[in-house]
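Structure record follows, encoded as structure tokens.
Values quoted throughout were computed directly from the atomic coordinates according to the rules given, and no laboratory measurement underlies them. It should be emphasised that the depicted structure is a prediction, and the values quoted were computed from it without experimental measurement. Here the Cβ is made from the backbone with ideal geometry for all residues, glycine too, and neighbour counts use every protein chain on show.
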Amino acid sequence: MRGAPILALVLLTGAIAGCGGDRYNFARTYSAYGDEGPYLERAEELSYEDVRRFPDRHAETLLGWFGVVTEMEQLDAATGEARITLEYHRHQERHLCQDERDGSCRVTITQRAIGPFVALMTVRPEDLHDGPDRLWTGSLLKVYGHVTDAGTEESGPIIQVEHYRHFPHNTFVTTAAAGSMRQ
């Protein structure tokens, strides 16, 4: 009977891990993963136009933006330092799901991009490895950082990233999937 308490603990831990907050947030609503919690609590989702027009007003504000990677520039594979261009998309609070199970849900962003922005960041080693889960063009990032410059019309605002969360291909959807998925 000694194994029963251990088995119960393993099953309980697995059940808790399956209730949102997993690596790719396969749940109906967004929740923090790993050390993202304090960033998610403090972040503000300011409007793109406010940040672009008045970057100095928001320099102290911790932004929390979703963006789809369009270009990775100046990536130093040894240090992970990178300049990444993204297209800002709004997050849809209620994620789209294939069926009634949370595991079928995907983080959902608007189909239409709002505008470009640049993230200056350190890419984690696990996101640099070759393979389907690497950070690359088409990946979704939730970035937390501070605007440092208005940028240009083509680049959009420049954000110094403190923390990010990576969603590889096939781990998120846009609102365009509403026809084949449900809320």
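Dividing the Cα radius of gyration of region 100-183 by 2.2 N^0.38 Å, with N the residue count, gives 1.25.
The convex hull built on the alpha-carbon positions of the chain has an orientation-averaged projected area of 12.6 nm².
With the simple model of a label 7 Å out from the Cα in the direction of the Cβ, His146 to Thr122 spans 1.6 nm. Taking a ≥ b ≥ c as the square roots of the eigenvalues of the Cα gyration tensor, region 64-103 is classed as prolate, since a/c reaches at least 1.5 and a/b is larger than b/c. Could you work out how far helix 3-17 tilts from the main Cα principal axis of the chain, as a 0 to 90 degree angle to the nearest 10? That works out to roughly 30 degrees. Counting every other Cβ atom within 10 Å of each residue's Cβ, Cys105, Cys97 order from fewest to most as Cys97, Cys105. As a length-normalised measure over Cα pairs under 8 Å and 6 or more apart, the relative contact order of region 56-103 settles at 32 percent.
Ordering Pro132, Val147, Ala119 by the projection of their Cα atoms onto the charge dipole of the chain, which places +1 on the Cβ of Lys and Arg and -1 on the Cβ of Asp and Glu, puts Pro132 at the extreme positive end. What's the whole-number percent of alpha carbon pairs in region 28-113 lying beyond 15 angstrom? Of all Cα-Cα distances in region 28-113, 71 percent exceed 15 Å. The alpha carbon centroids of region 72-108 and region 139-181 are separated by 6 Å. Bridge orientation summary for the chain: considering DSSP beta bridges with both residues in this region, about 85 percent are antiparallel.
Ranked for footprinting exposure by Cβ neighbours inside 10 Å, fewest first, His146, His95, His169 give His169, His146, His95. Remark: the Phe54-Thr29 segment gains 5.9 nm on full extension, using 0.36 nm per residue and subtracting the alpha carbon distance.
Near the amide H of Gly115, within less than 5 Å, lie the amide hydrogens of Tyr88, all on another chain or at least 5 residues away, with H placed in the peptide plane.
Each Lys and Arg Cβ is given +1 and each Asp and Glu Cβ -1; about its Cα centre, region 34-176 then shows a dipole of about 320 debye.
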